[in-house]
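Shown next, in structure tokens, is the structure this report addresses.
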Amino acid sequence: MKRENKLIYLDYNATTPTDPRVVDKMLPYFYDIPGNAASRSHAFGWEAEEAVKIARKQIADLIHVDPKEIVFTSGATESDNLALKGIIELYHRSGNHIITLKSEHKAVLDTCEKLERAGAEVTYLDVDKNGLVDLIALENAITDKTVLVSIMWANNEIGVIQPMKAIGDICHRKGVLLMSDATQAVGKIPLDPKEVGVHLLAFTAHKMYGPKGVGALYVCSKNPRVKVSEQINGGGHERSMRSGTLNVPGIVGFGAAAEICAKEMLAEAPRLSALRDKLENALLTIEETYVNGDVDNRLPHVTNLAFRYIESEGLMATFNQSVALATGSACTSASIDPSHVLMALGLSEGMAHSSVRFSLGRFTTEEEIDRTITLVKNGVIKMRDKNPIWELFKDGVDVDNL
Ligand SMILES: *Cc1c(COP(=O)(O)O)cnc(C)c1O
């Protein structure tokens, strides 16, 4: 991104810039082609409807599903809400039990908590120290009241990719539905929900170089035919699963972004993983630095590192926040809780607050990675130099148990 002050953006998991090619595709739909895709009686409406149809196909093609199985929403948060609430409401006769992971995104966890208050039962499974699901624990947790398993494809904080095929097999054998928040995976790695037995898949445009405020939920329409009950009523858009005038420019952008990802992700992933590995290897030469999460099953563009006895917020202050990073402290509210994902891995609060997520993306350059390495290395040395705890630790004192 062009910025005079040379800020470096390494927070692609929070949001991606909209690809300029996507913006170009969107622009006509603000003024020149202003129609409502639901207006059936004139050309303005037909043009908008046609544009939505093309985008729906571009998005469906990226994940190898039928365009009819795509429900447009305002983003992944809404898609997660629609899937969880929509399934529990519609399938309540079969049961009221959901199984998910402690390391899920808040869009899933907060929704589950709300459903619990409304009478649903939710099991929050532990993950192992690398962030992976325990397949045996999952299988054992499924009861005859279980209707839905919700497991994210890839984690937003640590990038860990779950074994979706094995999870899908278990759910299939036990006859329960499987949903996945695939927000961080779609457009970054090839994925096919039908092949692995995922019935509902949530994702969003702004994590894959599309615009903010538009997302989708894939809802499997055959073998089995799944439906979710509408959470936003009025008009019966999106096959009565999500009402409201479609965000035509946003959807056009989402489609364009999907098409670019489909074409480019296979080349983009190795370029980014090489840069990520360069960054990670350089930073791991700093003493007492650790990778959080599984390194073998991981998104290509993410690394989450813990720098022992460093406060990640303080580290960022050493370079005046000139590199945009996410810290292991919860960004969900004004509170400074340690990240629930890192806690789920079994990190101490201290190590969670010492953690930093680096997420690279399409516009990251090697020069930016080189500058980041220098800034972070110098920052860690500077902070430890004036930290008495670090001195004691180096002298062999068991500072964690003082
Ligand atoms: C960003 C993110 C969301 C929320 O997506 P929005 O489109 O911003 O609502 C949900 N789940 C995961 C895993 C995410 O990374």
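The values are calculated or read from the model by the stated rules, or taken from the named source; none is laboratory data. Quantities reported herein were computed from a predicted structural model and do not represent experimental measurements. Neighbour counts run over all protein chains shown; Cβ positions are idealised from the backbone, glycine included.
Among the residues of the stretch 149-157, are any part of a loop (DSSP other than H, G, I, E, B), touching a residue at least 12 places away in the same chain (Cβ under 8 Å), within 14 Å of the ligand (Cβ to nearest atom) and touching a Pro at 6+ places or on another chain (Cβ under 8 Å)?
no
Among all residues of the stretch 323-340, there is at least one that is without any contact (Cβ under 8 Å) to a residue 12 or more places away in the chain, within 18 Å of residue 159 (Cα to Cα) and in contact with a Pro (Cβ under 9 Å, 6 or more places away or on another chain). Of the residues in the stretch 162-206, how many are outside any helix (DSSP H, G or I) and buried (at least 22 other Cβ atoms within 10 Å of the Cβ)? Looking only at that region, the number is 22. Among the conditions (1) more than 16 Å from the ligand (Cβ to nearest atom); (2) closer than 30 Å to residue 55 by Cα; (3) small (Gly, Ala, Ser), residue 118 misses just one, which is (2).
Residues in the stretch 225-277 that are assigned to a helix (DSSP H, G or I), within 21 Å of residue 200 (Cα to Cα), touching a residue at least 60 places away in the same chain (Cβ under 8 Å) and more than 22 Å from the chain's Cα centre (by Cα): 3 in all. Residue count for the stretch 169-227 under the criterion of being more than 13 Å from the ligand (Cβ to nearest atom) and among the charged types (D, E, K, R): the result is 9. Selection over the stretch 369-399 of residues that are within 36 Å of the chain's Cα centre (by Cα) and over 19 Å from residue 316 (Cα atoms) gives a count of 2. Restricting attention to the stretch 194-218, the residues that are more than 14 Å from residue 181 (Cβ to Cβ) and among the β-branched types (Val, Ile, Thr) add up to 2. Cβ separations smaller than 7 Å between residues 6+ apart or across chains give the following pairs from the stretch 5-21 residues that are over 19 Å from residue 320 (Cβ atoms) to residues that are among the small types (Gly, Ala, Ser) and part of a loop (DSSP other than H, G, I, E, B): 12/361; 16/361; 18/210. Can you tell me which residue in the stretch 1-30 is farthest from the ligand (Cβ to nearest atom), limited to those that are assigned to a loop (DSSP other than H, G, I, E, B) and over 19 Å from residue 214 (Cα atoms)? Applying the filter and picking the extreme gives 4. When 83, 60 are checked against the criterion of being within 19 Å of the chain's Cα centre (by Cα), assigned to a helix (DSSP H, G or I) and closer than 16 Å to residue 208 by Cα, a single residue qualifies: 60.
Checked against the criterion of being among the aromatic types (Phe, Trp, Tyr), under 14 Å from the mean Cα position of the chain (by Cα) and surrounded by 22 or more Cβ atoms within 10 Å (Cβ to Cβ), the candidates 209, 218 yield just one match: 209.
Of the residues making up the stretch 167-183, at least one is touching a Gly at 6+ places or on another chain (Cβ under 8 Å), among the acidic types (Asp, Glu) and more than 21 Å from residue 229 (Cα to Cα).
Only residues that are away from the ligand (no atom under 16 Å from the Cβ), crowded, with 23+ Cβ neighbours inside 10 Å and β-branched (Val, Ile, Thr) were counted across the stretch 53-97, and they come to 2. Mind checking which residues of the stretch 351-385 are surrounded by fewer than 17 Cβ atoms within 10 Å (Cβ to Cβ) and either closer than 30 Å to residue 401 by Cα or modelled with pLDDT under 95 (or both)? Across the stretch 351-385, the qualifying residues are 377, 378, 381, 382, 385.
Rundown of residues vs (1) touching a strand residue (DSSP E or B) at 6+ places or on another chain (Cβ under 7 Å); (2) farther than 20 Å from residue 340 by Cβ; (3) charged (D, E, K, R), yes/no style:
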| position | (1), (2), (3) |
| --- | --- |
| 89 | no, yes, yes |
| 93 | no, yes, yes |
| 96 | yes, yes, no |
| 102 | yes, no, yes |
| 105 | yes, no, no |
| 110 | no, no, yes |
| 124 | yes, no, no |
